[in-house]
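Input: a single structure, listed below in structure tokens.
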Amino acid sequence: MAVDADAVLAYLRGLQDRICSALEQADGGAQFIRDRWERAEGGGGESRVLRNGAVFEQAGVNFSHVMGTRLPPSATAQRPELADADWMATGVSLVIHPSNPYIPTTHANVRFFSATPKHGAPGAWWFGGGFDLTPYYPFDEDVLHWHRVAQQACKPFGDDVYSRHKDWCDRYFFLKHRNETRGVGGLFFDDLNDWGFERCFAYQRSVGDHFLEAYLPIVTRRKDHPYGERERQFQLYRRGRYVEFNLVYDRGTSFGLQSGGRTESILMSLPPLVRWEYNWTPESGSAEARLYSDFLRPRDWLRELR
């Protein structure tokens, strides 16, 4: 089966539209601004950002379709034979930072990549993506719902897909210098091409299409939960972990910057307000301490929380 890049592009543009529309409706107080951009080396995209809404402090949903004639180091570390290949990358990436500390931050990404070497070597293509959840004050029922939907997204593609991509997410979104996961995980996959194009593309669509089903019910349950300055300050402190991961470890951030992408769109994932505090530790027995003891480590959520 031939690769149908046009079908992928059409799906991703539609996904951006659907997610933005649903988030505007959930927020009820703000709309996305649209910022189209072009890349000098080829391609461009559209960044959409919602700020200071009734529910979301900042939400960004980016579409990009970029191409070039030489891959950046972040994309060729495992494939040195593709270093001088003509390449194309497209995807939708989003990060949502709610105002209420009881609503988790979330990230999702679905992407497609293809490369054609100039000297007759075989070309390559692959899909990647996933979604993950970063709560500040977690609720068991929210984490269970999140992972049940993730499992549903994977189920048509094999009984072991959820467990493998859940484990990959736990390993990828791990802050080694803190010895903690970024949140409670979800799904992560990359370099997916061994199922053939149609099945790989169908899986990407399933992951993208299940994101709103996984996240919006949590928003609805928690958006009116009362909170005070203590909770707000803890949220801002924990947002620092998000910044640390994205700037130290995230491959998408590295690829975007190394490939000459638009800096404002790449760093849209960072929270609008954040703080660090030297050598802070949570009070024993507190809700903040429970985040560290019970949630910031890999767990079999479906078995342990059911």
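Just to make sure I understand: if all protein chains stay in place, what is the order of Arg238, Arg51 by accessible area at 1.4 Å, largest first?
These residues rank, largest area first, as Arg51, Arg238.
Pop out the carbon and sulfur fraction of the accessible area of the chain as a percent, whole number, probe 1.4 Å.
49 percent
Considering only protein heavy atoms, what per residue accessible area in square angstrom results for the chain with a 1.4 angstrom probe? The partial results should precede the final answer.
On the way: 13760 Å² over 306 residues.
Averaged over the residues of the chain, the accessible area is 45 Å².
Calculate, for Arg18 and Glu41, the FRET efficiency according to 1/(1 + (r/R0)^6) with r their C-beta to C-beta distance and R0 25 Å; round to the nearest 0.05. Don't skip to the end; give the middle numbers.
Working: r = 29 Å, r/R0 = 1.18.
So, using R0 = 25 Å, E works out to roughly 0.25.
In straight Cα distance, which lysines are under 17 Å from Lys118, not counting same-chain residues fewer than 8 positions off?
none
Mean residue ellipticity at 222 nm from the helices of the chain, using -39,500 (n - 2.57) per DSSP H segment of n ≥ 4 over the full residue count, to the nearest 500 deg cm²/dmol?
-12000 deg cm²/dmol
In the calculated pair distance distribution of segment 92-191, what percentage of Cα-Cα distances lie above 25 Å?
28 percent
At 24 Å minimum axial length over the Cα atoms and a Kyte-Doolittle cut of -1.0, report the qualifying DSSP H helices in the chain, or say none.
TM-like helix candidates: 5-27, 197-222.
Contour minus end-to-end for Leu302 and Leu247, with contour as 0.36 nm per residue of separation and end-to-end as the Cα-Cα distance?
Residue separation times 0.36 nm, minus the Cα-Cα distance, leaves 16.7 nm.
Name the shape class, rounded, prolate or oblate, that the alpha-carbon gyration tensor gives for segment 143-216, where a ≥ b ≥ c are the square roots of its eigenvalues, rounded holds for a/c under 1.5, and otherwise prolate holds if a/b is larger than b/c and oblate otherwise.
Oblate.
For the chain, which semi-axes, largest first and in whole Å, follow from the square roots of 5 times the eigenvalues of its Cα gyration tensor?
Here the semi-axes work out to 32, 21, 19 Å.
In terms of modelled amide H atoms, which long-range or inter-chain residues lie less than 5 Å from the amide H of Tyr136?
Those lying under 5 Å, H to H, from Tyr136 are Thr105.
Which Cα, out of Gln204, Leu267, Gly42, lies furthest along the positive dipole direction of the chain (beta carbon charges, K/R +1, D/E -1)?
Projecting each Cα onto the dipole axis, the largest value belongs to Leu267.
Comparing Gln58, Gln16, Gln258, which has the greatest mean-square fluctuation in the GNM of the chain with Cα pairs linked when under 10 Å apart?
Looking only at Gln58, Gln16, Gln258, the biggest GNM fluctuation is shown by Gln258.
Using only the alpha-carbon atoms of segment 216-306 as identical scatterers, what base-10 log of I(q)/I(0) does the Debye formula give at q = 0.22, 0.25 Å⁻¹?
The calculated log intensity ratios at q = 0.22, 0.25 Å⁻¹ are -1.24, -1.28.
Suppose every K and R has +1 on its Cβ and every D and E has -1 on its Cβ; what is the size of the dipole of segment 129-206 about the Cα centre, in Debye to the nearest 20? Working shown, then result.
Values: 10 positive and 13 negative charges, 23 e Å.
About 120 debye.
Could you give the Stokes-Einstein D for segment 172-250 in µm² per second, using the C-alpha Kirkwood radius, 4 °C, 1.567 mPa s?
83 µm²/s
Hey, if you put +1 on the Cβ of every Lys and Arg and -1 on every Asp and Glu Cβ in segment 147-306, which of Phe174, Thr220, Pro298 ends up farthest toward the positive end of that dipole?
Ranked along the dipole, the leading option is Thr220.
Please tell me the relative contact order of the chain in percent, rounded to the nearest whole number, where contacts are Cα pairs under 8 Å and at least six residues apart.
The value is 17 percent.
Could you state the number of Å between the C-alpha centres of segment 18-49 and segment 89-142?
16 Å
How high is the relative contact order of segment 184-306, given as a whole-number percent (alpha carbon pairs under 8 Å, six or more residues apart)?
Value for segment 184-306: 28 percent.
Which order do Thr263, Thr106 take when ranked by solvent-accessible area (1.4 Å probe, heavy atoms of all protein chains), largest first?
The most accessible residue leads, giving Thr263, Thr106.
Can you give the accessible area of Val248, probe radius 1.4 Å, in Å² rounded to 10?
The value for Val248 is about 90 Å².
Between Ser286 and Ala202, what FRET efficiency comes out of the Förster formula 1/(1 + (r/R0)^6) with R0 = 35 Å and r the beta carbon distance, rounded to 0.05?
Result of the calculation: an efficiency of 0.20.
The values are calculated or read from the model by the stated rules, or taken from the named source; none is laboratory data. If you're wondering where the values come from, they're calculated on a predicted model, not measured in any experiment. So basically every Cβ, Gly included, is an ideal-geometry build from the backbone, and we count neighbours across all protein chains shown. The accessibility values were calculated without ligands, DNA or RNA, using every heavy atom of the protein model including side chains. Shrake-Rupley method; radii C 1.70, N 1.55, O 1.52, S 1.80 Å.
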